[in-house]
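Notes to accompany the following structure.
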Amino acid sequence: MRPLTFRRLLLICSMLAVVLLAVVILALKLGAVPISVTDLVLSLGRVAIGRSDQLPSEYRLIVFELRLPRILLGILVGAALSVSGAGFQALLRNPLADPYVLGVSSGAALGAIASLIASPHIPLLTPVAAFAGAALTIAAVYFLGRREGQLDGGTLLLAGIITASFLSAVIMFLMTTLSGRDLRGMAFWLMGDLSTPLAPGLLWIFVVVLGVAAGAIYTTAADLNLLLTGESEAMHLGVHVTRVKLVVYLAASILTGMAVSVSGAIGYVGLLVPHVMRLLFGSDYRVLIPTAALGGAIVIVLADTLARTIVPPTELPVGAMTAMAGAPVFIYLLRRRLQ
Amino acid sequence: MSSGRTVTALPGALHSEGEGVRRGPGEVRLSVEQASYAYSVGERRAPLFTLEATSFQARQREVVAILGPNASGKSTLLRLISGAIQPLSGRVQLDGFETSQLEPRTRAQRIAVVQQESPLLFPARAWEYVLQGRHPYGRTLRFETPEDVAIVENALAQVGAGELRDRWMDRVSGGEKQRVILARALAQQPLLLLLDEPTLHLDIGAQVELLQRLRRLAEENRYTAIVVTHELNLAAEFADQVVLLHRGKCLRVGPPAAVYSRELLEQVFEAPLEVGTGPAGRPRVNIRGERTETAG
């Protein structure tokens, strides 16, 4: 009998943070222009002591203006998608729930596209519209996925997958009829891609939003453990079920909307990462939420590095990498559940 | 009040009343007064099922059986008592508090419910499962204290499941699982223990074992236990009071001997029955066979 202690949680998280750091260094190093690790460490050291002006200019351009912002974006998006995936899994009591599989990402993408069509110049409208799209989609899937008033695992997944394919079709329709406008490529919205850099101001807003929304989900971590055993059991064990569900529903929708508005619909991260973390560290949500955030960051940065370097000089969308890894895992989990 | 209640589930720390006093009159703990409920699809539609006004009282250390055939309103009455639903009319009070008005956390510190089992989505060990019973005592994100661990160990020991502690919940037998679920309810250190068909998937040995244990726990820890069942003989053997329900109506409340009459039970259960007396003086129900054997 080993109940969770704060020390163990801290140990696990620092381990993952070290892995993330290693992955970040790897991602800075690899690319069309390879950079040696020594140079990297030296230049990072120079920036740290405030002497970035001494750096060779091409290093500064590649490392600090091209690769680093993209890595930071990957960390944000990966953490947001994984935490929202873990949240949806508890909310819907379905281990296969994931923002992409359930169509939530497509809903967010549709919201973002609609806002870009309607008024492309209002700065924060796109993420807000993406959040609205995500929230509406998950509500629709929730009600479509019920049978005789009860959430039914199979029906829910079917409802989500059908919703996703319907929304993707609407997105393609919009993109085709409005091809004259600058809306980024179809692949961006349907597959996800980290190549569009984020304005620095927006980056900080997103860091704060990620912290608040993921933190809100984390405050319900102990309740989510019980919610997974069933709503009525959770209620009898002292969980304020409606309040917890509302918090997770809103926060997970915000996280999905935020991620999709800046990177498109990157699939399967929200499914893949929480499952790997459960296998490694157990299914306690007090561990799962922070490890999923770190793990999501690691997976996305790795996947994006692969996408950038696997067939140079072409860059694949990062969503293609995550789907190639994630879809087989989904099938495996589905098969195992049916047995 | 929590500090005073913390000790009640720990043996040896029981309030020492006279050893000879097996069951004093005790104060009324649960009081159900004319409570009714109706399920319906919409506000203006006729109700699908109605539980008519029901009244009974239960004292501490008492085991009450809610008895009736399927669809008689047993589970509805249990949900009313648990505070999960609010009565349409009448009141359900635990120590003077309306159960449906309590905050979920407060309610979970006073009422523990053992439901028919629900499947686990992710594997859990028995101790993790029992530890869930400490949830109403923790603050947001609190980590379990050594005291919680001691209470969990104790709860497992009280149901005779100490050796199951590190086993996975999906690798134990039905009877073992039922004991772990009961241990989780004990870890809540409740005043009122509600059990919904706890003997449903158990063989006769495990059924008797569970109910004997429940009797003993109610005695030692001063719980009031309410058990929903359709097992006539188990209720007769272990309950102090029986609440007999039939099609949403409470037909009779009282000790088994007063409730069990042949005409009444035959009408409720729609089967030819005969009521005798068991060795302990409690009623015993048998099926009245079509062919009566006369051989000696």
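Within segment A:81-117, being on the phi < 0 side of the Ramachandran plot and touching a strand residue (DSSP E or B) at 6+ places or on another chain (Cβ under 8 Å) holds for A:92, A:94. Does residue A:308 fit the bill of being closer than 30 Å to residue B:113 by Cβ and not small (Gly, Ala, Ser)? Against the criterion (closer than 30 Å to residue B:113 by Cβ and not small (Gly, Ala, Ser)), residue A:308 does not qualify.
Taking segment B:145-174 as the range and being outside any loop (DSSP other than H, G, I, E, B) and among the basic types (Lys, Arg) as the test, only B:171 passes. Candidates in segment B:140-154 are the residues that are more than 7 Å from chain A (Cβ to nearest Cβ) and of a type outside the set (Asp, Glu); of these, the one that is surrounded by the most Cβ atoms within 10 Å (Cβ to Cβ) is B:152.
Being farther than 16 Å from residue A:110 by Cβ, of a type in the set (A, V, I, L, M, F, W, C) and in contact with a strand residue (DSSP E or B) (Cβ under 9 Å, 6 or more places away or on another chain): is that true of residue A:156 here? For residue A:156, the condition - farther than 16 Å from residue A:110 by Cβ, of a type in the set (A, V, I, L, M, F, W, C) and in contact with a strand residue (DSSP E or B) (Cβ under 9 Å, 6 or more places away or on another chain) - is met.
Collect the residues in segment B:151-180 that are in contact (Cβ under 8 Å) with a residue 12 or more places away in the chain and small (Gly, Ala, Ser), keeping them in residue-number order. Hits for segment B:151-180 are B:155, B:160, B:161, B:174, B:175.
Going residue by residue through segment A:100-114, is there one that turns out to be of a type in the set (Gly, Ala, Ser), closer than 28 Å to residue A:325 by Cβ, crowded, with 23+ Cβ neighbours inside 10 Å and within 14 Å of another protein chain (Cβ to nearest Cβ)? Scanning segment A:100-114, I find no residue that is of a type in the set (Gly, Ala, Ser), closer than 28 Å to residue A:325 by Cβ, crowded, with 23+ Cβ neighbours inside 10 Å and within 14 Å of another protein chain (Cβ to nearest Cβ), so the answer is no.
Within segment B:119-139, can one find any residue that is more than 8 Å from chain A (Cβ to nearest Cβ), part of a loop (DSSP other than H, G, I, E, B) and farther than 19 Å from residue A:221 by Cβ? Yes, there is a match, as at least one residue in segment B:119-139 is more than 8 Å from chain A (Cβ to nearest Cβ), part of a loop (DSSP other than H, G, I, E, B) and farther than 19 Å from residue A:221 by Cβ. Is it fair to say residue A:77 is in contact with a Leu (Cβ under 6 Å, 6 or more places away or on another chain), modelled with pLDDT of 90 or more and in a helix (DSSP H, G or I)? Considered against the rule, which asks whether it is in contact with a Leu (Cβ under 6 Å, 6 or more places away or on another chain), modelled with pLDDT of 90 or more and in a helix (DSSP H, G or I), residue A:77 comes out as no.
Is segment A:182-197 home to any residue that is at pLDDT 80 or above, of a type outside the set (D, E, K, R) and over 27 Å from residue A:66 (Cα atoms)? Scanning segment A:182-197, I find no residue that is at pLDDT 80 or above, of a type outside the set (D, E, K, R) and over 27 Å from residue A:66 (Cα atoms), so the answer is no. Candidates A:2, A:8: the one that is within 14 Å of chain B (Cβ to nearest Cβ), within 30 Å of residue B:135 (Cβ to Cβ) and part of a helix (DSSP H, G or I) is A:8. Is it the case, given these coordinates, that residue A:48 is without any contact (Cβ under 8 Å) to a residue 12 or more places away in the chain, of a type in the set (Gly, Ala, Ser) and either over 23 Å from residue A:204 (Cβ atoms) or in contact with a Lys or Arg (Cβ under 6 Å, 6 or more places away or on another chain) (or both)? When the stated conditions are applied, residue A:48 does not pass them. Note on segment A:219-242: among residues that are within 29 Å of residue A:110 (Cβ to Cβ) and not aliphatic (A, V, I, L, M), the one that is farthest from the chain's Cα centre (by Cα) is A:242. Looking only at segment B:87-103, which residues are free of Cβ contacts under 8 Å to residues at least 12 places away in the same chain and either of a type in the set (A, V, I, L, M) or within 14 Å of another protein chain (Cβ to nearest Cβ) (or both)? Selection gives B:103 alone.
One residue stands out among those in segment B:96-113 that are surrounded by 23 or more Cβ atoms within 10 Å (Cβ to Cβ) and of a type in the set (A, V, I, L, M): the one that is farthest from residue B:198 (Cα to Cα), which is B:108. The residue pairs whose first member lies in segment A:211-231 and is within 10 Å of residue A:247 (Cα to Cα), whose second member is of a type in the set (Gly, Ala, Ser) and buried (at least 18 other Cβ atoms within 10 Å of the Cβ), and whose beta carbons are closer than 7 Å, counting only pairs six or more residues apart or on different chains, are A:213/A:251; A:216/A:251; A:217/A:87; A:217/A:251; A:217/A:252. Residue A:93 meets the conditions (1) within 14 Å of another protein chain (Cβ to nearest Cβ); (2) surrounded by fewer than 17 Cβ atoms within 10 Å (Cβ to Cβ) in every case but one. The failed one is (2).
Mind checking whether some residue in segment A:222-240 is over 30 Å from residue B:112 (Cβ atoms), out of contact with any Gly (no Cβ under 9 Å at 6 or more places or on another chain) and among the hydrophobic types (A, V, I, L, M, F, W, C)? No, because not a single residue in segment A:222-240 is over 30 Å from residue B:112 (Cβ atoms), out of contact with any Gly (no Cβ under 9 Å at 6 or more places or on another chain) and among the hydrophobic types (A, V, I, L, M, F, W, C). In summary, helices (runs of 4 or more DSSP H) completely within segment A:171-285 and bearing 3 or more residues that are away from chain B (no Cβ under 11 Å) and buried (at least 17 other Cβ atoms within 10 Å of the Cβ) occur at A:186-191, A:200-219, A:241-263, A:269-281.
When segment B:71-95 is filtered for residues that are part of a helix (DSSP H, G or I) and either hydrophobic (A, V, I, L, M, F, W, C) or loosely packed, with under 15 Cβ neighbours inside 10 Å (or both), the ones remaining, listed by number, are B:77, B:78, B:80, B:81.
Comparison of B:183, B:236 shows that the only residue that is touching a Leu at 6+ places or on another chain (Cβ under 7 Å), farther than 26 Å from residue B:49 by Cβ and touching a residue at least 12 places away in the same chain (Cβ under 8 Å) is B:183.
The one condition from (1) among the basic types (Lys, Arg); (2) within 18 Å of residue A:234 (Cα to Cα); (3) not in a loop (DSSP other than H, G, I, E, B) that residue B:142 does not meet is (3). Within segment B:155-174, if we keep just the residues that are more than 17 Å from the chain's Cα centre (by Cα) and crowded, with 17+ Cβ neighbours inside 10 Å, the residue that is nearest to residue B:62 (Cα to Cα) turns out to be B:156.
The values are calculated or read from the model by the stated rules, or taken from the named source; none is laboratory data. Note that the structure is predicted; figures quoted are calculated from it, not measured. Please note: Cβ atoms are built from the backbone with ideal geometry, for glycine as well, and neighbour counts cover all protein chains shown.
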